[in-house]
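Participant: Before we start, here is the structure in question, set down as structure tokens.
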Amino acid sequence: MKAAILCAPGLEECEALITYDVLFRAGIDVKLVGLEDEIVSSHNVRFMPHLNIDDLEYEDCDCLVLPGGMPGTLNLEKDERVQELIDRFVKDGKYVAAICAAPSILIHKGLINSERFVCYPGFENDLKPAAGKSFTDNKMITGKGVGAAFEFGYEIVKALAGEDKAKETLAKTQY
């Protein structure tokens, strides 16, 4: 199983990195994929993604992950390459996961329905979110915010590798 976490300037770094860590610990081949070669987060943390979005071979990926944060979410949404990747993943029946403000990207694309998602309060765009910290609806996985990053990662691992692997992985983190 493979996952790509898209990293845009201004992202919430913990949503990307905690999700990365949970997936990595589960044995999922996960990569941080940058819209730029160096990313500066919303908290001014600089890091180097594994590869640039232009080098991503999406056909090999099973899940596309969209971290939130501001202006990271806006930077993801306005990038045509990101929009194209989301469309390809949806068309091919692959998982798309978004946390915090990033589910708003999926809402704007008409991919999320009321009560079948969670997001950071204020980004629901007149839809009613579900209760809880993370939610899976078919191939859409959403998380509420940075405080839900472990649950969000758990949902992704559960979707890709099964519930037993997800429980085992969280137990290893002392969650």
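Participant: From the list L76, L64, L35, exactly one residue is out of contact with any Phe, Trp or Tyr (no Cβ under 6 Å at 6 or more places or on another chain) and within 23 Å of E155 (Cα to Cα). Which is it? Walk me through how you get there before you give the answer.
Facilitator: Numbers: L64 fails: out of contact with any Phe, Trp or Tyr (no Cβ under 6 Å at 6 or more places or on another chain); L35 fails: within 23 Å of E155 (Cα to Cα).
Just one listed residue meets the conditions, L76.
Participant: If you go through the range 84-115, how many residues are surrounded by 14 or more Cβ atoms within 10 Å (Cβ to Cβ), closer than 18 Å to I53 by Cα and out of contact with any strand residue (DSSP E or B) (no Cβ under 9 Å at 6 or more places or on another chain)?
Facilitator: 0
Participant: Further question: Hand me the list of strands (runs of 3 or more DSSP E) wholly inside the range 83-175 holding 1 or more residues that are closer than 16 Å to V22 by Cβ and touching a residue at least 60 places away in the same chain (Cβ under 8 Å). Give the steps one after another, and end with the answer.
Facilitator: Numbers: elements: 95-99, 134-137, 140-143.
Hits in the range 83-175: 95-99, 140-143.
Participant: Next question. Residues in the range 10-40 that are outside any helix (DSSP H, G or I), closer than 14 Å to T73 by Cα and under 15 Å from the mean Cα position of the chain (by Cα): how many? If you could, list the steps in order and put the result at the bottom.
Facilitator: If we filter the range 10-40 for residues that are outside any helix (DSSP H, G or I), which is where we start, we get 10-12, 26-40.
From what's left, closer than 14 Å to T73 by Cα: 10-12, 34-35, 39-40.
Now drop any that are not under 15 Å from the mean Cα position of the chain (by Cα), which leaves 10-12, 34-35.
Number of matching residues: 5.
Participant: Considering only the range 99-121, state which residues are closer than 19 Å to A3 by Cβ, of a type in the set (A, V, I, L, M) and in contact with a Pro (Cβ under 8 Å, 6 or more places away or on another chain).
Facilitator: Answer for the range 99-121, where residues must be closer than 19 Å to A3 by Cβ, of a type in the set (A, V, I, L, M) and in contact with a Pro (Cβ under 8 Å, 6 or more places away or on another chain): I99, A102.
Participant: Looking at the range 127-145, can you tell me whether even one residue there is farther than 25 Å from R25 by Cβ, modelled with pLDDT under 95, of a type in the set (K, R) and out of contact with any Cys (no Cβ under 7 Å at 6 or more places or on another chain)?
Facilitator: Checked the range 127-145: at least one residue is farther than 25 Å from R25 by Cβ, modelled with pLDDT under 95, of a type in the set (K, R) and out of contact with any Cys (no Cβ under 7 Å at 6 or more places or on another chain).
The values are calculated or read from the model by the stated rules, or taken from the named source; none is laboratory data. These numbers were taken from a predicted model, which means no experiment stands behind them. Backbone-built Cβ (ideal geometry, glycine too); neighbour counts: all protein chains shown.
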